[in-house]
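Just below is one structure, and these are the notes that go with it.
Values quoted throughout were computed directly from the atomic coordinates according to the rules given, and no laboratory measurement underlies them. From a predicted model like this one, the values you see are computed outputs, not experimental measurements. Cβ: placed from backbone, ideal geometry, glycine included. Neighbour counts: every protein chain shown.
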Amino acid sequence: MKIDLTGQSAVVIGGAKGIGAAIVRSFLDAGARVTALDMDNEALLVLSQENGENLNTAVVDITDETALNEFASGEAVDHLICAAAIGSGKPGFPFWKMKPRDWSKVIDVTLMGTVNALHAFVPALLEGDTQRKSVLILSSVAGQIGSQTDPPYSASKAAVINFAQCAAKDFAPYGVRVNALSPGMVKTELNESVFEANRKDSSSTYDDWAEEKIQKTSPLGRWQEPEEFGATAVFLASEGGRNITGQTINVDGGQVMHS
C-alpha cells in the first residue's frame, strides 16, 4: 500500500540515527516535507547528504525549553514525531545499584524533552487543517513490562505512554491524533549501550548477547528493524489511521504478550 503525504510536513525529533532516521526516510518516501532535529550534527549532515530534497535539519537541544520554543515558532507541522531518548548507561539490576541522581538526565531528555516538544508545537498543530494532523511519541516495551535493565529509561518510557494518552484526550476535539509507538528489540546504538552497561563477561560480544536475548524475550524470535517503525509511523499519520488515537502500538515480535 502506497501512502501519499505530498503537501504535508513532519518534524522528527531525534531524527538523525536509528529509528528516528528510519522514520525520516519513510515520511520522505511518502512525499512529505521533513525537518529532522537532533543534537548530533555530524549524523544530521550524513542524513541530509543521503536524502537531500524535502529534508531540512537543525541542531536543537530538546531539554532547552527556550531554544525549542524559538525553533517551533512559525514552523509549519502536520505530523510531530518525538523519538529522542537516552539510557542511563549504567547497570540497573537491582535498581539500588544506581543512585537517584542517575535518573535525572534520562528523565530530562526522554520524558521532559517530549513534554517540551509537544508544548512548543501546540500552536502549529492547532493551526490550519487540524483533522489531518498527528503526534507520535516513541515509547518502548520497557515502559510496559518494568524492564530491570535500566529503571530510569523504563520509567521514563512508561511516563510518555501516559502523557500520550493525556495529550490524545486534549487534542481530540480538534481532530489531532496522538499515539505512542513501542519498539521491542532493535539493534541501535542505544541498545548496544545497554549491553555495554550491563556486560559482566568481558569475553561475550554484543551479537552473542543480542541473539541470546532475542530468543528469550521474543515469541517470533527475531529482531525488529528500524524501517518497520517508519512504515508504522507513516500509516498512523495517514488517512488510514484517522480513527487511531490514544493507543500504544507495539512492534515487538510479541514481547509484551510473552511477558
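Annotations
- Tilt relative to the chain, helix 189-198 - C-alpha long axis, 0 to 90 degrees, to 10: 20 degrees
- Applied to region 18-33, the Karplus parametrisation 6.51 cos²θ - 1.76 cosθ + 1.60 on θ = phi - 60° returns per-residue 3J(HN,Hα) values of x, 4, x, 5, 5, 5, 4, 5, 5, 5, 4, 4, 7, x, 7, 8 Hz, with x for Gly and Pro.
- Rounded to the nearest whole Hz, the Karplus-based 3J(HN,Hα) values (6.51 cos²θ - 1.76 cosθ + 1.60, θ = phi - 60°) of region 145-157 follow the sequence 10, x, 4, 7, 5, 8, x, x, 5, 4, 5, 5, 5, with x at glycine and proline.
- Peptide packing for 238-244, 226-232 was compared via the average number of neighbouring C-beta atoms within 10 Å per residue; ordered from the highest value, the list is 226-232, 238-244.
- Rounded to 5, percent antiparallel among DSSP beta bridges of region 9-258: 0 percent
- Partner lysines for LYS169 [C-alpha distance under 20 Å; skip if fewer than 8 residues away on the same chain]: LYS133, LYS157
- For VAL135, distant residues with modelled amide H under 5 Å away: LEU80, ARG177, VAL178, ASN179
- For region 58-73, 3J(HN,Hα) computed residue by residue from phi via the Karplus equation (6.51, -1.76, 1.60; θ = phi - 60°) reads 7, 8, 9, 8, 6, 7, 9, 4, 5, 5, 5, 5, 5, 5, 5, 4 Hz, glycine and proline entered as x.
- Sum of -39500 (n - 2.57) over DSSP H runs of 4+, divided by residues of the chain (222 nm, nearest 500): -12500 deg cm²/dmol
- Computed packing ranks the peptides 141-152, 99-110, 174-185 as 174-185, 141-152, 99-110, most packed first, by mean other Cβ atoms within 10 Å.
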